[in-house]
Amino acid sequence: MDTVVPPDDIEAHGDSDDEDFDLYAILGDSNNGAYRQVEQRTGPPLAYVAEKTRHAIEAIHAVFWSIGDESGDRASAQAAFHYSVVSYLALHNMLAQVADHAAIARLLAMSPQDLSMWLDVIAAEGSVTG
């Protein structure tokens, strides 16, 4: 059985015939086919940007739960949460985590502790360096 490896990942996979440990075949594209571009930049480290984005996600989550169910502001908080989560996942090359449109609702329904654990997993499994 041939292993599917995107052309830009061939060097990372090497010539291994061990199909049981081909992470690309197991996990697929962590960005779920999202737009990609190689960039060279000068500015704040992306890990710093990701850290600040994480704090925004946690703060928006808290605000969302402090707003009453009948408030029209809840939709704005949900939108801000959605865009922040997508940005955080993009920074970590993990956009596939929100391919399911119900993912944001599930994240909003989490306790602050569970959300923090989920963000920890994204930071540990993703990469801000590509």
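The values are calculated or read from the model by the stated rules, or taken from the named source; none is laboratory data. Computed from a predicted model, the values in this text were never measured in an experiment. We place every Cβ from the backbone using ideal geometry, glycine too, and count neighbours over all the protein chains shown.
Against the numbered list (1) closer than 21 Å to ALA124 by Cα; (2) at pLDDT below 95, GLY72 comes up short only at (1). Mind listing whichever residues of the stretch 108-129 are touching a residue at least 40 places away in the same chain (Cβ under 8 Å), under 22 Å from LEU46 (Cβ atoms) and either assigned to a helix (DSSP H, G or I) or not aliphatic (A, V, I, L, M) (or both)? Residues satisfying the conditions are LEU115, SER116, LEU119, ALA123, GLY126, THR129.
Screening ALA75, ALA50, ALA59 for residues that are assigned to a helix (DSSP H, G or I) and surrounded by fewer than 13 Cβ atoms within 10 Å (Cβ to Cβ) leaves exactly one candidate, ALA75.
Considering each residue of the stretch 85-101 in turn, at least one proves to be at positive phi and in the same structural domain as HIS55 (by TED's automatic domain parsing).
Taking the criterion of being among the hydroxyl-bearing types (Ser, Thr, Tyr), modelled with pLDDT of 95 or more and farther than 16 Å from ALA56 by Cβ, the only residue of the stretch 75-130 that qualifies is SER111.
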